Each structure stands twice: as C-alpha cells, then as structure tokens.
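Enquirer: Got a structure for you, questions after.
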There are 2 protein chains.
Amino acid sequence: MDQRLERIKLTALQERIVSAEQAASWIKDGMAVGLSGFTRAGDAKAVPNALVKRAHEEPFQIDVYTGASLGSGIDGRFAQAGIVRKRAPYQSDSLMRSAINSGKVQFVDHHLSQTAEWVRGGVAGPLDFAIIEALGITQDGLLIPTTSVGNSMVFAHHAKQIIIEINTAQLLELEGLHDCYEPQAVGSRQPIPLVSPRDRIGTKGISVDTSKVKGIVWNDQADSPSPIEPPDAETDIMAGHLLAFLRGEVQAGRLNQNLPPLQSGVGSVANAVLHGLLDSEFEGLELYSEVLQDAVFDLLDSGKALFASGSAITLSQPYMERIYQNFGRYRDRLVLRPQEISNHPEIIRRLGLVSINTALEFDLYGNVNSTHVSGTKMMNGIGGSGDFGRNAQLAIFVTKSTAKNGRISCIVPFASHIDHTEHDVDVLVTEHGFADIRNLAPRERAERILANCVHPEYRPQLQDYFNRAIAQGGHTPHVLDEALSWHAKYMRDGTMLKKSP
Amino acid sequence: MDQRLERIKLTALQERIVSAEQAASWIKDGMAVGLSGFTRAGDAKAVPNALVKRAHEEPFQIDVYTGASLGSGIDGRFAQAGIVRKRAPYQSDSLMRSAINSGKVQFVDHHLSQTAEWVRGGVAGPLDFAIIEALGITQDGLLIPTTSVGNSMVFAHHAKQIIIEINTAQLLELEGLHDCYEPQAVGSRQPIPLVSPRDRIGTKGISVDTSKVKGIVWNDQADSPSPIEPPDAETDIMAGHLLAFLRGEVQAGRLNQNLPPLQSGVGSVANAVLHGLLDSEFEGLELYSEVLQDAVFDLLDSGKALFASGSAITLSQPYMERIYQNFGRYRDRLVLRPQEISNHPEIIRRLGLVSINTALEFDLYGNVNSTHVSGTKMMNGIGGSGDFGRNAQLAIFVTKSTAKNGRISCIVPFASHIDHTEHDVDVLVTEHGFADIRNLAPRERAERILANCVHPEYRPQLQDYFNRAIAQGGHTPHVLDEALSWHAKYMRDGTMLKKSP
Ligand SMILES: CC(C)(COP(=O)(O)OP(=O)(O)OC[C@H]1O[C@@H](n2cnc3c(N)ncnc32)[C@H](O)[C@@H]1OP(=O)(O)O)[C@@H](O)C(=O)NCCC(=O)NCCS
Ligand SMILES: CC(C)(COP(=O)(O)OP(=O)(O)OC[C@H]1O[C@@H](n2cnc3c(N)ncnc32)[C@H](O)[C@@H]1OP(=O)(O)O)[C@@H](O)C(=O)NCCC(=O)NCCS
C-alpha cells in the first residue's frame, strides 16, 4: 500500500486521488479560485504549477484569491502565463507586480481580514474551487493545514468544490498547531471568545463538506524560504529608537514591563526591529501577529517571548533548517489561526496590541504609504498593516529615512498614496529617531517629524516646504502645487534632493 | 425647599452646590478639561460660559476635550476669548474653525471611538476636570446624562475632579434612556456583550466617585437646535440611488429585506438620504448609529424603523418641539450609549452595519476626504465616519457631485486629504448615480466612478486626466504634476472647471 494513504484517515476520500494535471483540467476559463498560502507558507503548489503548464496548450483566465503572497514562484509563473484576470488580496512577486502595474492583472488590495468577509458575503467570488494544501485529513474529515491557515478555512467552506493537496514534505508535527474558527454569518454573530494570544477557540483542522471534495493531489515540494535580509547597523539603530520609545511608555506608566501582545509586519525591516527586543530588558513577551518570521523564533529561543500566535510561519533558509529540525521545542508555544482571526479588529482592539509595520514613506503630518512607489506603482499590498494599525493600542510604522542610496526621502511633504491616515498612526521610527505623534495637531506633528525622523540631507528642504506651507495657513498647511513635486522630481531627475543654491 | 434639590437624590452631595462662576474659578491656566456634549446635545453650558466671562478679566488657556461638537455657541465664544490651547476630538463652529485654521488652536481630529481609549490610557490628558451635564444624581450616586452620553463616562471616571451641571430644562423622561458601559482596561478586557442594537449592557447612569465631585451647578438652558437643511430635490435623487443600490443587494441575496442595522452620519446630506428610506419598501429597520437626527424620528413615526441606538439626539427646532412633547412615544425604542460603544470597531464589525456618511470630496480611485477643504482647511473633523467606514459591512459615502454652484467638483483626480482610503470605501453616491467599487482594482473603480458619479460638466476633464494617467502606467495611474492641480486652480481662479478649448 502507498504509505501516503495513511494521511487520508477518512478512507472514503482515498478514492478521490487524482493527478495534479487532472485536477488542473477542472479549472475553466472565467472561474474564481481560492488558493491556500500566506507569505510563502503553506501554498498549494502542484495544481497551480499544472495550471501554468496547461496554459501553454490552451488560453484561459481565472480570478485568484489567496491568503497573502505565494511562494514557489507561482505568482510569477501565473503572470508570465497570463492566466490571471483578477488577483487579491496580496502578492510580492516581481513578475506579478509588473503585470499589475501595466494594468494586465486587476489587483485588488484588500485588508487581509477583509477577504474572508467578502467571500462569505458573496462580494468576492463566488469561488468555483478552493485548492488547499494540507498535512492530511482526519477521520472526522478535518483538513489539517500546514505552515499557514490564511484564508483556507473560508475558501473551503464557501467554494463550490475543493481540491486538496496533501504535502508530504511538510512536517507531521505541525498537526495540533492550528486553531480554526470561523465567525458566524452577519446577523447572528456572537463575540469572538478570544481574550489572550494563547486561547484556543476552534478546531484543530478545517471541517469540510466531503461531498465537495472533487480531488486529492499528492505534493512533496517544500515551502520557499523567505528572502529576508538580516539585521544591519541601521536597523539596529532603528530598533534602539523603538526600544527607547517603549521604555518611555513603561516609565510613564502607560505600558507594563512585559508589554502588551506584539504584532510585527512582513519584510526585513520589521523583522530586524523585532529582533532588537532580544537585547532589551523586556521579558515575558507574547506575540499576536500575522506572519511569524525569523525574529519570533529568536525571541522564543531566548526565553524573552513566551508565546506566539500568527497565521503563518515564514522563515529564511537557515532558520527553516534550524526550526523544523527541532520543532518539538516550539510546538506548545505557537498557534496558527485563520487570518481573519489573527487580524480581526475585535481582537486587536481587545488585546491592545503594539503593532510594528514598515512604511515605504510617510509625510510631514503622519500619513503613511505602505504600498505605492511614487504613488502609482504597487509594491506588495497593504497586507495586514491596516487591520493592525487602525485597531492597535499603538500603531508604530518604521522605515529608513531614505531609499535608493539617498535619492529618495522616505519622509515627504505629502504621501503619494495613503494607506494609513494621520488618524491611525501613533509613532514613526527611522534611523534618526522616533516621533510620537499621538494626540498632536498637524503642525505639532510636523515639528516632531522634522526634528526626529527626516534625514539631515533632506531636512532643510522639508523645513522650507513646511515654512512656506504655514505662510499659506490652514489646519494642515500645504503648498498644493508642490505637495507631490518631490516624487515628480525623482521620476524626472532620479533624485528628490534639491541642489543647494 | 428648592424644588431642584430633588434632582440630587444622594443628599450628601446637595451641599456641593456652587455658582457657575465659582466652579469656573477652579479651572486654572494649563489645565485639561473634559466637557459633556455631542453634536450640540447635552453639552455643559453654565461653566463654559462662566469661563468665557472670566477670560475678560484674566488670561488663561486650557485644553478642551468633548464628546463631539458643542452647541450653545460655546466653541465660538471659547475661540473668541482665546482660551483654548488644544481642542479635540471634533467641532463644527465657524469661529473655532477659523482659530484652528489659523493655527491658534491646536485641533486634534480623533476617531470618535478613540478619545476614550486615550483618556483611559493616559495619552490625552490627564484631565483635571470633567464638567458633565446631568438630569440629576440617583441615590446610588449615578449621574443621569441628558440628550447625549458621548465621552461623559470616561471623563467622569478618569478626571481628577468633577463638576456636575444639573440641567432643569432637559426632559425628565430622558431618565432610563441611557446604557452606560465602559470596557475594562487593556490587558484584562472581555468581549463587549452586545449582539443587537437593543441590548443593554451597562447601567442607567454614570457611576462616580463622589469624593471627586467638587461642585454642582444649576443650569436651565436648552440644547441648541441643529441647523440641518431639509431634504431637497437633489438629496431625494441621491436617496433614490442609495435605495437602488440596497435593493440590488437584497436581490443578489447579499442583504436581507429588513437590512442590517444602519448608521447615518452627521449633516444635512446624510439626514436627507436616510429620510429617503421613508418612501421605500424596506421595513423593520434598526439603527446602530452615533447621532440620531430628524430623519430617525420620521422613520420611527412611520413604523419603518423599530429601534434606534445612538450616542446623542440632535434635532432641528421643529423636530425638537414635536419629539420632546411626545417623548413617551419613543422612549422604549431608543437607547443612548457612550460614543466609545456606539462607535466601537468590535460592535460595528459584529453587527455588520450599513454605514452612510458624507464626503466633502472623493477621487477617481475611491479615496474620501471628509474633513479638509482644499486639503488644508479643517471643516469639522472625521467624527465617527472612520469608525463606521472601516468596520461596517457596507461603507457608503454620499456627496453632491459639485459644490459652490458648480465651481468645485467633489470628484477629483486625487483627494486633497484622505480620511478614508481606497481600502475602506465600498460605495459612492452622488445625484448622478452610485458606484459600487467593492473588490475592484483601481482602474476598474475609476471607470465606474467616471460613469456614475461625476457631474457631466466635469466628466470630460476627469476622463482626460485618467486617459493621460493610464498612458503613464502603474497600478493606480496618476499624472503627479497635475494630481492636485484642480484644487490649486480653484484657489487661483475660483473654479475647478477648465474652459473648453
Ligand atoms: C513596505 C515594504 C515594501 C518594506 O519592505 P522591507 O523588505 O522591509 O523594506 P526594504 O527597505 O527592503 O524596501 C523594499 C524595497 O522598497 C524600496 N523603497 C523603500 N522605500 C521607498 C520609497 N519611499 N520609494 C520607493 N521605493 C522605496 C527599497 O529601496 C527596496 O527596493 P528594492 O527591493 O529594489 O531593494 C513591506 O514591508 C510591505 O510590503 N509592507 C506592506 C504590507 C505590510 O505592512 N504588512 C504588514 C502586516 S504583515
Ligand atoms: C462633510 C460634511 C462637512 C458635509 O456636511 P453637510 O451638511 O452634509 O453638507 P453640505 O453639502 O451642506 O456641505 C457643507 C459645506 O461644505 C462645502 N463643500 C462641500 N463639498 C466641498 C468641497 N469638495 N470642497 C469645498 N467645500 C465643499 C459646501 O459648499 C458647504 O459649504 P457652506 O457651509 O459654505 O454652505 C459633514 O458631513 C462632516 O463634517 N462630515 C465629517 C464627519 C462625519 O462624517 N461624521 C459621521 C459620523 S457622525
């Protein structure tokens, strides 16, 4: 007997095994599919790759919903094959990005807690297929997810049919890690009964209507590692500023010494800043986050962090090897949840999170751009930064003060795209310092940001803008003709820096 | 015996009665005070007026926190007297607006659910005094609010001292209307146990530490009526478009015939649009809103609406007379809550609200400006529009397509200030139609908005902008040099309309 069949404990489903190619052939032009996968973790791999192969023979286009970004080069190959019409809610692939920015793919940039509401509410979809990676299927018909839960539960519950990819390359010890809970339909909702990052409120797998399971596919491809950059001298300094801020809050009696649960965003900078907590006085930390990156495991190893709740585990290659070889050490201190729950406004507000996300740029008044380079070109998407930023007790955004070797100032007169408004941003951190802008009027905020965050090379020209804006007056002073001129100048001259006179 | 003393059932407090002047004398330069009052309803009146008088003799400045806007000309007199240093979270007075826009008053524009968190968390304040209008004080020391609850509870709980204004002009039948609940401190919060607009989860008044009550002042001044404009032909048409949208949602099976609980924003347009439901097929409506304006009472009268939950009752003069003379008819169908609860993300998401708020302008891609005229001058503030817009099931924004006799287009290339980002806006309504932009990519949104919302006079020039932006490419195409040029042109030429060639 095929050893792998032991993964399908509900034996009636064993006869549904098909090849990836066969499963891919069911996906027709015009369909909408929901794929498992969240920041490269737990993505369905076999059927998507078979779909790309099919595209060589036959033209078709589909709408693709996921948890968040896919790994395994799938988004890139989807884009190259031209088979995606609509893509939501998040991606981070350079080829997909080009297709989006040229208008070939219609990308819808959702808050990551929103997609589930829209699938359940009939706004996104209807989904023809859910394609979900699983460790296996229990006797009761629960799908056990792998390294992410993401949107898999809502996709499996609401798609017309389900294809399951059983991934034998994923660690069997992941079983028991997941806590699968779906809120009731609007109109009969009860409070979500989660009051601590450690609480378990759901089931260990995703219940499925087995009559919808059209096929089961084998797969043995590992997740792709994350391309995260290790901390560097600048991010160490930024982490220092963040710690100084947090320390001040503890001293002022506004935070406890062991801090509220932390959330830390995707990317190198957020990871590096979180890493900075390792060398701090803070102890007994808990995370209530979305993607659990390398730094979370360092914090668990050191004993600084006691517990981490997330929706996915996304590690760099060296961390993958280290962590998954000793997974038993971590299992009891981790839980993975649907992204609707990891990012739920109700929970984030209740727990009073400290949330740390990365900005591309922010402006004089504290408006943050997380998504659009020069206001027009999509980078990745807002991800969960809005879910967390809006509802957290402390919404902290970090960025280096310049990009592209100083040719771009990440602090500008007017953010060229706004993902997080002045109302939602509490603290801004660059390598030059932090600006705590809570409960300040716009002009007060501008002064703090100018003094603490801007790169010295850009400070004179930003101060000059601010002075001239104030001369024109208004609650939020601007020189409208110049507000976006720094970005226009960068596109024209390759730098935002004005020549000194 | 002074009949009024019956209002103070906790007799030990009767000896704390002082004159408004005496109470005002306790407020020192540099203090922070929290005043009751929400959209002109239930504002403390006597002590604020005495403070203004004192300013003639003695210079001082204070920070003023409220529920929302004050009536009774208080904000205007505060501004004229120059006694306000910082003002939060909302105002709507023309003199205060001027002081804010000239930079004399530091205005902090909070989400209305946020202020309570910041007062409780020690970010706003500390408050030296809470000055709270009440109907009376019960034997158990509960303060009974009047026509609003607003932030009175959190102010009373967290200010160092309390001054109570007992207002004998307010209807005694208001007692029993209020449901006062304060969430636990962050770190030990339980779910808020409210699952229907009708639920009562708190006490009928605000519990106070009587040792903090420094004085009680008599007051007999009525609330100021709201200056709301009645519905007109254009708002009737807008209401028609909104109804068409809602009808479509019911037909598509996404909403029930009696609709989810409704929220409707402040101002003439939102009131008029809500009024439009009177002549619709929708029945059994419930409101879970913030300010209850005239139209809510028409809906209750007609039997279309069965219940309304809010934080304040704000009526025009004729409605005030009509409603308060027959208040018994409404009492069982109303509840007033702290604004933290009426606007709480947890509840708004749970109940799946349909939320309707007014925009000043919005842009091609669905970003909404609710606050800043030409990006710089504060109108009123974001109020609750962000609390509702972000968390509602349906975030609908309405505005006429032009302002100032057609010299301003309310649909522009790039919103000159962004309060509600493209991620948070679901449906836009003008007198030309509605654009349902849910789950659409930016370019798809632009096409719908161009086709359905823009005034025909402005459509050619907006289409022209969009065409040229697309030629430059990007996920959200823009011509950066021109993005804010319509506003600059209005400031220069007095109109956004380009002359036809
Ligand atoms: C903002 C974000 C792109 C930063 O990613 P990161 O890996 O931490 O940061 P980096 O400094 O490496 O910047 C990434 C790229 O953006 C560029 N960049 C940074 N600031 C820029 C700016 N103001 N203008 C143009 N480009 C900029 C960098 O140069 C770099 O370019 P490269 O890839 O060509 O080297 C990323 O955090 C993100 O997508 N955030 C939005 C989603 C989110 O916050 N989710 C949180 C919940 S998980
Ligand atoms: C946006 C808002 C000002 C509209 O108020 P309204 O009474 O419904 O609308 P009106 O059409 O009368 O517009 C108010 C004024 O703004 C002006 N205006 C409207 N659009 C404008 C624009 N795009 N640019 C400049 N001025 C504009 C109008 O001409 C009018 O001016 P006037 O007072 O000189 O006559 C008001 O709804 C608001 O403050 N909203 C923010 C808070 C909120 O939404 N709270 C909701 C939860 S309660």
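The values are calculated or read from the model by the stated rules, or taken from the named source; none is laboratory data. Values in this document were obtained by computation on a predicted structure and should not be read as measured data. Glycine gets a Cβ as well: all are built from the backbone with ideal geometry, and neighbour counts include every protein chain shown. For the accessible areas, the whole protein counts, side chains as well, though only heavy atoms, and no ligand, DNA or RNA atoms are used. Shrake-Rupley method; radii C 1.70, N 1.55, O 1.52, S 1.80 Å.
Enquirer: Residues that are crowded, with 24+ Cβ neighbours inside 10 Å and among the hydroxyl-bearing types (S, T, Y): list the strands (runs of 3 or more DSSP E) wholly contained in region A:394-501 that include at least 1 such residues. Before the answer, list the steps.
Expert: Working: elements: A:394-398, A:427-430, A:433-436.
Output list reads A:427-430.
Enquirer: Among A:A222, A:A244, A:A233, A:A252, which is open to solvent by 70 Å² or more (accessible area, probe 1.4 Å), more than 13 Å from A:L394 (Cα to Cα) and of a type in the set (A, V, I, L, M, F, W, C)?
Expert: Going through A:A222, A:A244, A:A233, A:A252 in turn, just one is open to solvent by 70 Å² or more (accessible area, probe 1.4 Å), more than 13 Å from A:L394 (Cα to Cα) and of a type in the set (A, V, I, L, M, F, W, C): A:A233.
Enquirer: Looking at A:P191, is it open to solvent by less than 40 Å² (accessible area, probe 1.4 Å), in contact (Cβ under 8 Å) with a residue 60 or more places away in the chain and not in a strand (DSSP E or B)?
Expert: Numbers: open to solvent by less than 40 Å² (accessible area, probe 1.4 Å): yes; in contact (Cβ under 8 Å) with a residue 60 or more places away in the chain: yes; not in a strand (DSSP E or B): yes.
When the stated conditions are applied, A:P191 passes them.
Enquirer: Which number in (1) in contact (Cβ under 8 Å) with a residue 40 or more places away in the chain; (2) within 16 Å of ligand 2 (Cβ to nearest atom) marks the one condition that A:H423 misses?
Expert: It fails just one condition, (1).
Enquirer: Separate question: Going through region A:173-188 one residue at a time, which ones are open to solvent by 20 Å² or more (accessible area, probe 1.4 Å) and in contact with a strand residue (DSSP E or B) (Cβ under 8 Å, 6 or more places away or on another chain)? Reasoning before the result, please.
Expert: Residues of region A:173-188 that are open to solvent by 20 Å² or more (accessible area, probe 1.4 Å), as a first pass: A:173, A:175-176, A:181-182, A:184-188.
Residues satisfying the conditions are A:E175, A:Y181, A:E182.
Enquirer: Can you name the residue in region A:40-62 that is open to solvent by 10 Å² or more (accessible area, probe 1.4 Å) and in contact (Cβ under 8 Å) with a residue 60 or more places away in the chain and is also nearest to ligand 1 (Cβ to nearest atom) among such residues?
Expert: The residue in question is A:R40.
Enquirer: One residue is enough: does region B:363-370 have a residue meeting the conditions closer than 24 Å to A:S385 by Cα, within 9 Å of ligand 2 (Cβ to nearest atom) and within 13 Å of another protein chain (Cβ to nearest Cβ)?
Expert: Checking region B:363-370: at least one residue is closer than 24 Å to A:S385 by Cα, within 9 Å of ligand 2 (Cβ to nearest atom) and within 13 Å of another protein chain (Cβ to nearest Cβ).
Enquirer: Would you mind telling me which numbered condition in (1) crowded, with 24+ Cβ neighbours inside 10 Å; (2) at the interface with chain B (Cβ under 9 Å from one of its Cβ atoms) A:V119 fails?
Expert: Of everything listed in (1) crowded, with 24+ Cβ neighbours inside 10 Å; (2) at the interface with chain B (Cβ under 9 Å from one of its Cβ atoms), A:V119 misses just condition (2).
Enquirer: Same structure again: When you check A:I382 against the structure, is it more than 29 Å from B:S102 (Cβ to Cβ), in a helix (DSSP H, G or I) and either within 16 Å of ligand 2 (Cβ to nearest atom) or open to solvent by less than 10 Å² (accessible area, probe 1.4 Å) (or both), yes or no?
Expert: Numbers: more than 29 Å from B:S102 (Cβ to Cβ): yes; in a helix (DSSP H, G or I): no; either within 16 Å of ligand 2 (Cβ to nearest atom) or open to solvent by less than 10 Å² (accessible area, probe 1.4 Å) (or both): yes.
No.
Enquirer: Determine, yes or no, whether A:L360 is under 30 Å from B:S416 (Cα atoms), under 18 Å from the mean Cα position of the chain (by Cα) and not aromatic (F, W, Y). Walk me through it before giving the result.
Expert: Values: under 30 Å from B:S416 (Cα atoms): yes; under 18 Å from the mean Cα position of the chain (by Cα): yes; not aromatic (F, W, Y): yes.
So A:L360 passes the test.
Enquirer: Can you tell which of B:A308, B:A270 is farther than 27 Å from B:L450 by Cα and either away from chain A (no Cβ under 14 Å) or without any contact (Cβ under 8 Å) to a residue 24 or more places away in the chain (or both)?
Expert: None of the other options fit; the residue is B:A308.
Enquirer: Turning to a different aspect of this structure: Can you pull out the residues in region A:267-313 that are out of contact with any helix residue (DSSP H, G or I) (no Cβ under 8 Å at 6 or more places or on another chain), within 12 Å of ligand 1 (Cβ to nearest atom) and open to solvent by 10 Å² or more (accessible area, probe 1.4 Å)?
Expert: Within region A:267-313, A:G267 is the sole residue that qualifies.
Enquirer: If you don't mind, there's one more thing I want to ask. What pairs come out if I take residues in region B:386-413 that are touching a residue at least 40 places away in the same chain (Cβ under 8 Å) and pair them with residues that are within 16 Å of ligand 1 (Cβ to nearest atom) and among the basic types (K, R) whose C-beta lies under 8 Å away, six or more apart or interchain?
Expert: Matching pairs, first to second residue: B:R390/A:R390.
Enquirer: Further question on the same structure: Could you check region B:278-297 and list, in sequence order, the residues that are within 25 Å of B:A403 (Cβ to Cβ) and assigned to a helix (DSSP H, G or I)?
Expert: B:D294, B:A295
Enquirer: Mind checking which pairs have a first residue in region A:286-297 that is within 14 Å of chain B (Cβ to nearest Cβ) and farther than 16 Å from A:I348 by Cβ and a second that is open to solvent by 10 Å² or more (accessible area, probe 1.4 Å) and within 12 Å of ligand 1 (Cβ to nearest atom), Cβ under 6 Å, 6 or more apart or different chains?
Expert: none
Enquirer: What are the pairs with Cβ atoms under 6 angstrom where one residue, in region A:459-474, is within 14 Å of chain B (Cβ to nearest Cβ) and the other, located anywhere, is open to solvent by 70 Å² or more (accessible area, probe 1.4 Å)? Sequence gap at least six, or different chains.
Expert: Qualifying pairs under 6 Å: A:G474/B:K377.
Enquirer: Being more than 23 Å from the chain's Cα centre (by Cα) and small (G, A, S) is the filter here, so list the residues in region B:191-240 that pass it.
Expert: B:S207, B:S211, B:G215, B:A233, B:G240
Enquirer: Restricting attention to region A:352-370, and to residues there that are of a type in the set (S, T, Y) and more than 6 Å from ligand 1 (Cβ to nearest atom), which single residue is surrounded by the fewest Cβ atoms within 10 Å (Cβ to Cβ)?
Expert: So the residue we want is A:Y365.
Enquirer: Something else: Looking only at region B:71-80, decide whether some residue is more than 9 Å from every other protein chain (Cβ to nearest Cβ) and touching a Phe, Trp or Tyr at 6+ places or on another chain (Cβ under 6 Å).
Expert: no
Enquirer: May I pose another question? Of the conditions (1) away from chain B (no Cβ under 11 Å); (2) within 19 Å of the chain's Cα centre (by Cα); (3) over 14 Å from A:L70 (Cβ atoms), A:S94 satisfies every one except a single condition; which number is it?
Expert: (3)
Enquirer: If A:I83 passes every condition in (1) β-branched (V, I, T); (2) more than 14 Å from chain B (Cβ to nearest Cβ); (3) open to solvent by 10 Å² or more (accessible area, probe 1.4 Å) but one, which one does it miss?
Expert: Going through the list (1) β-branched (V, I, T); (2) more than 14 Å from chain B (Cβ to nearest Cβ); (3) open to solvent by 10 Å² or more (accessible area, probe 1.4 Å), A:I83 breaks only (3).
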